[in-house]
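A quick write-up on the structure given underneath.
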Amino acid sequence: MGGNELVEDVAVLVAKAADGDQAAWQEIVGRFSPRVWAVCRAHRLGAADAADVFQQTWLRLLENLGSLRDPTKLGAWIGTTCRNEALAAIRRARRATPVEDSVLAERPGDPSDDPEVPFLIAARDAELWRAFRRLGRRCQEVLRVLVVEAEDGRPSYESSAAALGMPIGSLGPTRGRCLTQLRRFLTEGIQGPGGES
C-alpha cells in the first residue's frame with residue numbers, strides 16, 4: 001500500500017470511527033497506540049502516569065474525532081495531544097513533588113526531534129499488542145471499556161460497571177490489576193526470554 005493510500009485509509013478510518021464504527025476505532029487504536037507509548041517513554045513518565053496519559057490521549061481523540069481539521073494527519077494530532085498530556089502530568093508531579101533543577105534539565109526536549117522515535121514506535125507496537133493479547137479476556141474487556149471505548153471524557157464508573165457486568169467497587173481494583181499485569185508482560189518482553197509464557 002502506497003503513502004497516499006495509507007493517508008486516505010486513515011481518513012476513512014476516522015470518518016467511520018466518528019460514525020460509531022467500533023472496528024474502525026479499534027484499528028486506529030491498534031495503529032497509533034505505539035506512538036502514544038513512545039511519547040510516554042520519551043517523557044520518562046512513571047508507569048501510573050504513563051497509563052493515565054495513554055488513557056487521556058484516547059479520551060481526547062474520542063472527544064474530537066468528528067471535528068478534526070485534517071483527518072489524514074491523525075498521527076501528528078495524536079502525538080501532539082499525547083505530548084500535551086505528558087507535559088501536564090509532569091507539571092502535576094512537579095507541583096506535588098519538588099525536584100532539583102538538575103533533574104528537570106535532564107528531561108528530553110520535543111520527542112519528535114529524536115531520530116529514534118520511529119523505531120521506538122515500531123518496537124512498542126509489536127511489544128504492546130503481544131502483551132495485551134497475553135491478558136485474559138476479562139482484563140482485555142476492562143481495559144477496552146475504560147480506555148478505548150469511553151465516551152465524552154473520563155468514563156463513568158456506573159456505565160463502565162454496567163457494560164462489564166461488574167460491581168462499581170471492583171472496577172478500579174480490577175483495572176489496577178489488569179494494568180499491573182500488562183506492565184509485567186511488557187517488562188518481561190523487554191527483559192527477553194525466561195519470563196512467563
For region 45-58, enumerate the residues that are crowded, with 16+ Cβ neighbours inside 10 Å and either on the phi > 0 side of the Ramachandran plot or assigned to a helix (DSSP H, G or I) (or both). Asp49, Ala50, Ala51, Asp52, Val53, Phe54, Gln55, Gln56, Thr57, Trp58
Being farther than 17 Å from Val29 by Cβ, part of a helix (DSSP H, G or I), over 15 Å from the mean Cα position of the chain (by Cα) and modelled with pLDDT under 85 is the requirement here; does Glu196 meet it? no
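Take Glu8 and decide whether it is at pLDDT below 90 and either open to solvent by 50 Å² or more (accessible area, probe 1.4 Å) or among the acidic types (Asp, Glu) (or both).
Working: at pLDDT below 90: yes; either open to solvent by 50 Å² or more (accessible area, probe 1.4 Å) or among the acidic types (Asp, Glu) (or both): yes.
Yes.
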Is it the case, given these coordinates, that Arg130 is modelled with pLDDT under 85, open to solvent by 70 Å² or more (accessible area, probe 1.4 Å) and either under 21 Å from Gly46 (Cβ atoms) or out of contact with any strand residue (DSSP E or B) (no Cβ under 9 Å at 6 or more places or on another chain) (or both)? yes
Name the residue, out of Ala42, Ala24, Ala17, Ala47, that is within 18 Å of the chain's Cα centre (by Cα) and without any contact (Cβ under 8 Å) to a residue 40 or more places away in the chain. Ala24
For Arg177: the one exception among (1) at pLDDT 85 or above; (2) surrounded by fewer than 16 Cβ atoms within 10 Å (Cβ to Cβ); (3) not in a helix (DSSP H, G or I): (3)
Ala76 open to solvent by 10 Å² or more (accessible area, probe 1.4 Å) and of a type in the set (A, V, I, L, M, F, W, C): yes
Would you mind stating whether Trp37 is touching a Lys or Arg at 6+ places or on another chain (Cβ under 7 Å), among the aromatic types (Phe, Trp, Tyr) and buried (at least 21 other Cβ atoms within 10 Å of the Cβ)? yes
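Which of the residues that make up region 59-71 are buried (at least 17 other Cβ atoms within 10 Å of the Cβ) and over 13 Å from the mean Cα position of the chain (by Cα)?
Leu65, Pro71
The values are calculated or read from the model by the stated rules, or taken from the named source; none is laboratory data. What you see is a predicted model; the values in this text were computed from it and never measured. Cβ: placed from backbone, ideal geometry, glycine included. Neighbour counts: every protein chain shown. These accessible areas exclude ligands, DNA and RNA; they are computed on the full protein's heavy atoms, side chains included. Shrake-Rupley method; radii C 1.70, N 1.55, O 1.52, S 1.80 Å.
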